[in-house]
1. Can you give me the ranges of the strands (runs of 3 or more DSSP E) entirely in region 117-157 with at least 2 residues that are acidic (Asp, Glu) and open to solvent by 40 Å² or more (accessible area, probe 1.4 Å)?
2. Looking at region 56-82 only, could you name the residues that are closer than 30 Å to Asp183 by Cβ and either of a type in the set (S, T, N, Q) or open to solvent by less than 30 Å² (accessible area, probe 1.4 Å) (or both)?
3. Do any residues in region 163-188 that are part of a strand (DSSP E or B) have Cβ atoms under 7 Å from those of residues that are of a type in the set (Lys, Arg), where the two are at least six apart or on different chains, and which pairs are they?
4. Please name all residue pairs, on different chains or six or more residues apart, with Cβ atoms under 6 Å, provided the first residue is in region 29-57 and is under 24 Å from Ser79 (Cβ atoms) and in contact (Cβ under 8 Å) with a residue 60 or more places away in the chain and the second residue is among the small types (Gly, Ala, Ser) and open to solvent by less than 50 Å² (accessible area, probe 1.4 Å).
5. In region 95-116, what residues are open to solvent by 30 Å² or more (accessible area, probe 1.4 Å) and in a loop (DSSP other than H, G, I, E, B)?
6. Evaluate the following for Asp50: is it charged (D, E, K, R), modelled with pLDDT under 95 and within 24 Å of Ser145 (Cβ to Cβ)?
7. What's the number of the only condition in (1) in contact with a Phe, Trp or Tyr (Cβ under 8 Å, 6 or more places away or on another chain); (2) of a type outside the set (Val, Ile, Thr); (3) open to solvent by 50 Å² or more (accessible area, probe 1.4 Å) that Gln49 fails to meet?
8. If you go through region 164-176 one residue at a time, do you hit one that is of a type in the set (Lys, Arg) and touching a Phe, Trp or Tyr at 6+ places or on another chain (Cβ under 8 Å)?
Amino acid sequence: MKKFFIEKTDFNDVVILTPRVFEDDRGYFCETYNIENLKDIGFDVGFCQDNESRSKKNVIRGLHYQWEPEMGKLVRVISGEVLDVIVDIKKNSPTYGQHRKFYLSSKNKKQLWVPAGYAHGILSLAEDTIVSYKCSGSYNSNAESGLNPFDDNLNIDWGIQKQDAIVSEKDMIAKDFSSYDKDPKFYY
């Protein structure tokens, strides 16, 4: 019996995993991660770090990426809901510079696999949103960076006005895509 359903996206290495949920009058149960079951569907990534964030409504975190060690993320929402945004930053990729948006929530239980080579960010759509993600690389402050979530080159519609967004100073002064393009960290 399948424990996960997998949805492919038009970014060929980005997938959405939805665990099988068993519900009854007590509540529900699901496996959110089981390497053996994931190997059965061709997903064989080793994780070394788990991260969790809690955000108020209208908080934007990102668009972050790390190149040494390369860090992919398996993202899920424990409480609340997010608009999850990724940008392909692999120079020479057919989708280089393009972004995609995904809706993840505690209700739909979808998990987004964001491999290394993508900038990643979220917009919290609810108060007290908790996001958890497994990382394929350990954090390295000397080899991480980000793109400005409001960069005109990326033209991301976050569904919120810039003045209504709650964004860290670090993310607001992050480089624009044209600056990244002059010194890319990932190649296709």
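1. Details: elements: 118-124, 129-135, 144-146.
Those strands (runs of 3 or more DSSP E) do not exist here; none qualify.
2. Val59, Ile60, Gly62, Leu63, Tyr65, Gln66, Met71, Gly72, Lys73, Leu74, Val75, Val82
3. Going by the 7 Å Cβ cut-off, the qualifying pairs are Ile166/Lys56; Phe186/Lys90; Phe186/Lys91; Tyr187/Lys90; Tyr187/Lys91.
4. Within 6 Å, the pairs are Phe47/Ser136; Glu52/Ser132; Ser55/Ser124; Lys57/Ser124; Lys57/Ala126.
5. Tyr96, Gln98, Ser106, Lys107, Asn108, Lys109, Lys110
6. no
7. (3)
8. Within region 164-176, none of the residues are of a type in the set (Lys, Arg) and touching a Phe, Trp or Tyr at 6+ places or on another chain (Cβ under 8 Å).
The values are calculated or read from the model by the stated rules, or taken from the named source; none is laboratory data. The structure presented is a predicted model; accordingly, all values stated were derived computationally and were not measured. Note that each Cβ is placed from the backbone with ideal geometry, even for glycine, and that neighbours are counted across all protein chains shown. Ligands, DNA and RNA are stripped out before the accessible areas are found, and what is left, the full protein with its side chains, is counted by its heavy atoms. Shrake-Rupley method; radii C 1.70, N 1.55, O 1.52, S 1.80 Å.
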